[in-house]
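Undergrad: One structure, as C-alpha cells, below. Some questions next.
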Amino acid sequence: MRSIPLLLLFCVGLFISCSKKSTTQPVYEDVPFLQDYSIKYYAEPANGTLISAFSDRNGVVKILSSAGLFQPYDGQFLYHGKLQADGTYRPLKDKKIAGLGVLENQFVFLDDKTVLSNAWAGKLFSKHQLPAAHLFTAGKDFTFLVSDGKSLELIKDSTSLWKGDLGGDEVISIRYQSDAATFWILGKKSLHTLSDNKLTSVFQGTGFTSFDITDDAKKLFIGTPDGYIEWDVTTKKQVGEIHKKLPWTEITAVDAIGDKVWFGTTNGAFALRSDGKFDYYNGERWLPSNGVVHLSEGPNKSVLVLTTAGLGQICFKEMTLQEKAMYYEEQVRSRHIRNGFNASLDNMEKGNIASGYLADSDNDGLWTSMYLGGEIFRYAVTKEEDALQNCREALDAMERLYTINPVPGFPARSFERAGYISQLADPDRWQHAPDRNWDWKSTTSSDEAVGHIFAFGAMAELIDDPTMKSRAIALIDTLMGHIVKNNYYLIDYDGKPTTWGRWSPEYVNAFPKNVGDRKITSSNLMAMLQTAYHFTNKEIYKEKAFELMQKHGYLENLMRPMKEIGPAPGEADALSKELSDGWNHSDDEMYFISYWGLYRYAFNDTLKAKYKEAIIDHWQIERPEKEGAWNIFTALTGNSEFDLNEAVWYLKEHPLDLIDWAISNSHRKDVEKLAPNFRGQTLKEVLPPDERPVQRHNGNMFQLDRTGSNGTSEHSAGDIWLLPYWMGRYLNVISAPKK
C-alpha cells in the first residue's frame, strides 16, 4: 500500500533539492583547561601508620608516620612510586617527630620537647612542656599553639604564653586565622577560639573529626562521621542543616585549597566546587586506597591526599584538547596496536602498563574501524604524515580480515598467529587459515560490518592517497557484494548465516515494529548500500536499497520514532523478547557510526531530509548521556543544536588514565537516583567520565560501578576519545588550539 507514494517521493527527490535554511553551527574555541591526573606512591608495612603529608616552597613533599619521616620516591603518572625513609637531615632521625606542618611554606616539626625547623638557618627551636604533643599550628611572629590532645600551650621562643584545655573535650585539630590573629581549636564535641590569650567556646556538637577555615576566612567546615557542618565565621552560627547529600558522609579530613573545599573520607576524597557540586576521587585511578587520613596543598597547586595505603597526588595541568589528543595518540601507538588492530592491554599486573599482553577481541574490526575513522579525520584536518601512516597500517589489518579466510567477501572478526587458539577469547570460534601459520575468528556480526563500511567510506572520501582510496572502495564492494549476493546475510565458513550478520526482509520484518532490531537493521543496511553505491557507482546497490524501502518497508522501519522502541509485546517470539528486554547501547554505537553513510551519502535530498529527522530523533533520546561521539556525529547533519558543550565536557572530563580500576558510585548521596527503567538510566544526571568506569561507546554511560578485577587492563583511547575529537575538528565544530 505504501509503494506508490514512496516511489513518487523518491523520484521527486532525484530531481529537486529540499529547500534548506542555512544554519550556523557553534564552534568550541580550544583554549587551555585544567586536566587532572594522579601520581600515586604506595606504602609498605614498614612505613607504619601514615599521619600527615605536606610540601614546602621548593616542591619537596614529606610524610609523617608512626615510623618516622618519609618522602615520595620514583613516582610519575601511570608509574606508581613508593615511600622512602627520609634521611635528608641526619639529626632529625634522632628526634621523636610527632607533628609535621608548614610555616611560610617551610617545613616545621614537632617533637616531644620542641617546635623546630631546618629553615631560617635552623634558628627556630622553641621548647614546649607537653611531652606527648602531636598537634600544633603556627600563629603570628613564630608563636605556636601546641597540644597533646588534652592540654594546650601557646609558646614563642621557648616561652610559655598561655596554657589551658577544652574542659574535658579532646583536641583533634588546630587552625590559625591570620587576619583576626585567632587560633581555632576543634575538639570532638566543641569549637573554640583563642585570641589575646582568651579561650572562647563558640560552637557545641558531637562527633567532630576534622575542620578547616576557607582562605577568605568567611566560612568554616567541620567534618563528622555523617556529613559536614558549614559554619559562618562572622555570625558564629551554623549555616543550614548538616550536609549529608555527599559522595560519602564519613569525613576524616578537611582542607580549603584554592577555591575548593576538599574532604577526605573513608571512601575516597571529594572537592566542593563553587557551583555547589562535587568532584569525587574514588578508587585507584586517583588514590592508593579510599581511606583518607590527611589533605594538604601540594607542589604546583596539586593536592596531596594521604591514605592508609600511601599518597595520592592529584595534579592539575593546563592543556588544550589537541594536546590531550596527542597524549592519547601516543598512548594508542605505544601499547595498543596488535597486528595493526586497535586493541586493549589485558592481564596486567595491578596498574603496571609495562606488563600484560595485547588482547584479541570479538570486535577487533569495529574498534579498529573507529580508531581508523579518527585518524582519517585527523589526516583530513592536519595532513600529517604520521596520521596517514596510522591509517595505512590500520587499513592493512582491516584488509587482511578479508583475505586470511577462504570465504569470498567475508570479513573475519580477527586473526592471530597459529598455535594460540586456546589462549584467545572464544576458542570455539577460531578456525585455521589456508596459510597454516595463521588462525582467524569466524561468526562476524553486523557491528563489525557497519564499522568497516564507515571507515572505508571515510577513507574513500577524505584520504588523498590514490592507492589507499582504491583499496577502501574495493573493500566496500567486496563486503557489500557478499551481503547482497547472499540475500543480505553474512555467510560463514560453514555455509550458514552468522548469528548477528542478518539484514534480510524475512529476518528484519519478523520483529514486532517496536523492537529495536527492526529499526536498526533497516537503518544500517540503507547506510551501507548508499555508501557502496556512492563510491562504486554500481546500480545494483541503489536498486536493492530502493527495493527494500519500497517493497519491504525499510524506510518506514528506520524512520520509526525512538520513543516507540520498547519491550516486545507478550505474544512476540522468544528472540524478540530477548533482544528487547532493555536498551541496547551497542545498537546506539551501530546507529551513529552508520549515520555517516546514511546522511552523507544519501541518494537524494528528500531522503537526506528524512534521515536528518531520524538522526535528530535518536539524538534527542540520547541527550541525557552527554555522549561526546553521538553529539559530534549529530553535528554532521548541519543542525545548529547538537549539544556541543556536552560533547566538549565529555572530551575534557575523560581521565588520562584509561586503566580499568575498580570504581564505586552506587553509595553516593549527592546524586538523584532513578527507578529501574528500560534505558538503564540510573541517575537523573550522568556522572563525568573521570568518576565512572572507563567505557567504550557501546557502554551505558549511567553505569555507576566497576567491581571485580582492579587495574588489570587498559582501554585504548583510539575509539573512545580520538574518534569524536578528530571528527569534531573535521566538522569544524572544534577549533584548532588557541593559546
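The values are calculated or read from the model by the stated rules, or taken from the named source; none is laboratory data. Note that this is a predicted model, so its numbers are computed, not measured. With ideal geometry, Cβ positions are generated from the backbone for all residues, glycine too; neighbour counts draw on all protein chains shown. Heavy atoms of the whole protein, side chains included, go into the accessibility calculation; ligands, DNA and RNA do not. Shrake-Rupley method; radii C 1.70, N 1.55, O 1.52, S 1.80 Å.
Undergrad: Mind checking which residues of the range 464-512 are open to solvent by 10 Å² or more (accessible area, probe 1.4 Å), touching a strand residue (DSSP E or B) at 6+ places or on another chain (Cβ under 7 Å) and β-branched (Val, Ile, Thr)?
TA: Hit for the range 464-512 is Ile491, nothing else.
Every residue, every condition in (1) surrounded by fewer than 17 Cβ atoms within 10 Å (Cβ to Cβ); (2) among the small types (Gly, Ala, Ser), yes or no:
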{"residue": "Pro676", "(1), (2)": "yes, no"}
{"residue": "Arg679", "(1), (2)": "no, no"}
{"residue": "Thr712", "(1), (2)": "no, no"}
{"residue": "Ser716", "(1), (2)": "no, yes"}
{"residue": "Leu723", "(1), (2)": "no, no"}
{"residue": "Tyr730", "(1), (2)": "no, no"}
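Undergrad: Which pairs do you get when a residue that is closer than 24 Å to Asp36 by Cβ, found in the range 671-693, comes within reach of a residue that is charged (D, E, K, R) and assigned to a loop (DSSP other than H, G, I, E, B), reach meaning Cβ atoms under 6 angstrom, with the pair 6+ apart or on two chains?
TA: Val686/Lys626
Undergrad: Quick one: count up the residues across the range 419-447 that are hydrophobic (A, V, I, L, M, F, W, C), open to solvent by 20 Å² or more (accessible area, probe 1.4 Å) and in a loop (DSSP other than H, G, I, E, B).
TA: The qualifying residues number 2.
Undergrad: Out of the range 567-596, which residues are open to solvent by 40 Å² or more (accessible area, probe 1.4 Å), of a type outside the set (Lys, Arg) and more than 29 Å from the chain's Cα centre (by Cα)?
TA: Pro567, Pro569, Gly570, Glu571, Asp573, Ala574, Leu575, Glu578
Undergrad: Which residues, taken from the range 523-547, are within 15 Å of Ile453 (Cα to Cα) and of a type in the set (Gly, Ala, Ser)?
TA: Ser523, Ala527, Ala532
Undergrad: Considering only residues that are part of a helix (DSSP H, G or I), within 21 Å of the chain's Cα centre (by Cα) and not hydrophobic (A, V, I, L, M, F, W, C), which ones fall in the range 346-368?
TA: The answer is Thr368, and nothing else.
Undergrad: If you go through the range 313-331 one residue at a time, do you hit one that is over 30 Å from Glu375 (Cα atoms), crowded, with 17+ Cβ neighbours inside 10 Å, touching a Pro at 6+ places or on another chain (Cβ under 9 Å) and not aromatic (Phe, Trp, Tyr)?
TA: yes
Undergrad: Could you list all residues from the range 323-356 that are more than 26 Å from Gly457 (Cα to Cα) and out of contact with any helix residue (DSSP H, G or I) (no Cβ under 9 Å at 6 or more places or on another chain)?
TA: Once the filter is applied, which keeps residues that are more than 26 Å from Gly457 (Cα to Cα) and out of contact with any helix residue (DSSP H, G or I) (no Cβ under 9 Å at 6 or more places or on another chain), the range 323-356 yields Glu323, Ser334, Arg335, Asp346, Asn347, Met348, Glu349, Lys350, Gly351, Asn352, Ser355.
Undergrad: List every residue pair whose Cβ atoms sit under 7 Å apart, with the two residues 6 or more apart in sequence or on different chains, where the first one lies in the range 513-533 and is touching a residue at least 60 places away in the same chain (Cβ under 8 Å) and part of a loop (DSSP other than H, G, I, E, B) and the second, anywhere, is crowded, with 24+ Cβ neighbours inside 10 Å and of a type in the set (S, T, N, Q).
TA: none
Undergrad: Kindly establish whether Thr249 is open to solvent by less than 30 Å² (accessible area, probe 1.4 Å), of a type in the set (Ser, Thr, Tyr) and touching a Pro at 6+ places or on another chain (Cβ under 9 Å).
TA: yes
Undergrad: Does Thr49 count as modelled with pLDDT of 95 or more and out of contact with any His (no Cβ under 8 Å at 6 or more places or on another chain)?
TA: yes
Undergrad: If you go through the range 25-56, how many residues are within 23 Å of Lys93 (Cβ to Cβ) and either hydrophobic (A, V, I, L, M, F, W, C) or surrounded by fewer than 17 Cβ atoms within 10 Å (Cβ to Cβ) (or both)?
TA: Residues in the range 25-56 being within 23 Å of Lys93 (Cβ to Cβ) and either hydrophobic (A, V, I, L, M, F, W, C) or surrounded by fewer than 17 Cβ atoms within 10 Å (Cβ to Cβ) (or both): 10 in total.
Undergrad: Let me ask you something else. Could you check the range 254-319 for strands (runs of 3 or more DSSP E) lying wholly inside it with 3 or more residues that are touching a residue at least 24 places away in the same chain (Cβ under 8 Å), over 18 Å from the mean Cα position of the chain (by Cα) and closer than 23 Å to Leu78 by Cα?
TA: Numbers: elements: 260-265, 268-272, 278-281, 292-297, 303-307, 310-319.
Fully inside the range 254-319 and qualifying: 292-297, 303-307, 310-319.
Undergrad: Same structure again: Step by step: first the residues of the range 320-345, then only those that are part of a helix (DSSP H, G or I) and of a type in the set (A, V, I, L, M, F, W, C), then the one that is farthest from Met727 (Cα to Cα). Which residue is that?
TA: Here the residue is Val332.
Undergrad: Give the number of residues within the range 553-566 that are surrounded by 16 or more Cβ atoms within 10 Å (Cβ to Cβ) and either touching an Asp or Glu at 6+ places or on another chain (Cβ under 8 Å) or at pLDDT below 95 (or both).
TA: So the count comes out to 2.
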